[in-house]
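Below is one structure, written out as structure tokens, with a few remarks after it.
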Amino acid sequence: METKVVLISGANNGIGLAMTRTLLADGYRVAALDLFIENLHAVHNTYPQHLSLHVCDVSDAARVKKAVDAVIEKWGQIDIVVNNAALAIFKTFEQRTLNETRREFEVNYFGYVNVTAAVLPHMKKRGGIIHNMSSGVGITGFPRLSGYTSTKGAVESLTRTLAIEFEPYGVHVNLMHPPLTNTRSASPLGVPLQALADPAAVGRALAKKIESTRPVIPSDLRTAVFLFFAYRYPLFFGRLFARLTERAWQM
């Protein structure tokens, strides 16, 4: 059987790093993109033939295309993409600058657009899967994260639109949904650590679903149940999380 190639952005930390490790252990070839790759060197030493490292700012379309072209030149294919790179700036709407919000969109939204645009000509010829990492707060909203939540809401709409546009080419575009996870982007939220999922466990769970073509892919049953209700009652859950987090900040 052909060894499939998975391209993951934001692969140096958290969920992306765990997905990279799990996929390599499961026999996939992985192209890992990130601004920094220091955490991936040890992984590369273990899987030198199956891991390709690329220092890449996904907000730079030219650098993304260069990385994608290098992967195709090296391995001749990209079968699956995981758009996972993310930036979260934790400030109230009044505290944040327009440039800060623009930067979040450059990474979290246009970064996904850049990677997708770079792989699309290749995938139109052979099909493929594009997973866009979303977040529950992109559905419900969350205080002090107006930029991040807006980008994730935009990713939700982008994904549904591209799923329709790319279907004739055999390219599946879907959403991956982790729970609230103990990553760098979640650290300012003030949520108790015991309420945050382990990024290694989340990454392993999502990696096991890497070939799923379902429209929405939750990492676990609890997340699936949350999403069922969050999509139906977004404002209720947004207010609930805001109250719970406010209590945590005051403790």
Along the range 82-96, what does the Karplus equation 6.51 cos²θ - 1.76 cosθ + 1.60 (θ = phi - 60°) give for ³J(HN,Hα), rounded to whole Hz, x for Gly and Pro? 10, 7, 10, 4, 8, 9, 10, 9, 9, 8, 5, 4, 6, 7, 7
Relative contact order of the chain, defined on C-alpha pairs under 8 angstrom at six or more residues apart (%): 20 percent
So if I place +1 on the C-beta of Lys and Arg and -1 on the C-beta of Asp and Glu, and nothing else carries charge, what would the dipole magnitude of the chain be about its Cα centre? I want it in debye, nearest 20. 400 debye
With a ≥ b ≥ c from the Cα gyration tensor eigenvalues, square-rooted, and the rule rounded for a/c under 1.5, otherwise prolate when a/b > b/c and oblate otherwise, the range 1-104 is prolate
Taking Cα centroids, how far is the range 218-235 from the range 114-152 in Å? 18 Å
Cα-based Lys proximity count in the range 5-250, under 17 Å, for pairs eight or more positions apart or on separate chains: 4
Candidate aspartates and glutamates for bridging to Lys4, where Cα separation is under 16 Å - those fewer than 8 sequence places away on the same chain excluded: Asp26, Glu73, Asp79, Glu211
Degrees between helix 221-230 axis and first principal axis of the chain (Cα, 0 to 90, nearest 10): 60 degrees
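Which residues make up the longest stretch of the chain that has no GluC sites (Glu not before Pro) in a DSSP loop with at most 11 other Cβ atoms within 10 Å?
Here the longest segment lacking exposed loop sites spans 95-251.
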Helix 146-166: angle to the longest alpha-carbon principal axis of the chain, degrees 0 to 90, nearest 10? 40 degrees
Helix-only [θ]222 nm of the chain, DSSP H runs n ≥ 4, -39500 (n - 2.57) each, per residue, nearest 500: -15000 deg cm²/dmol
Prolate/oblate/rounded label for the range 5-250 (Cα gyration tensor, a/c 1.5): prolate
If you take every residue apart from Ile37 with its C-beta less than 15 Å away from the C-beta of Ile37, what net charge results, scoring Lys and Arg +1 and Asp and Glu -1? -1
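Every read-out reported here was derived from the displayed coordinates using simple, explicitly stated rules and does not represent laboratory data. What you see is a predicted model; the values in this text were computed from it and never measured. With ideal geometry, Cβ positions are generated from the backbone for all residues, glycine too; neighbour counts draw on all protein chains shown.
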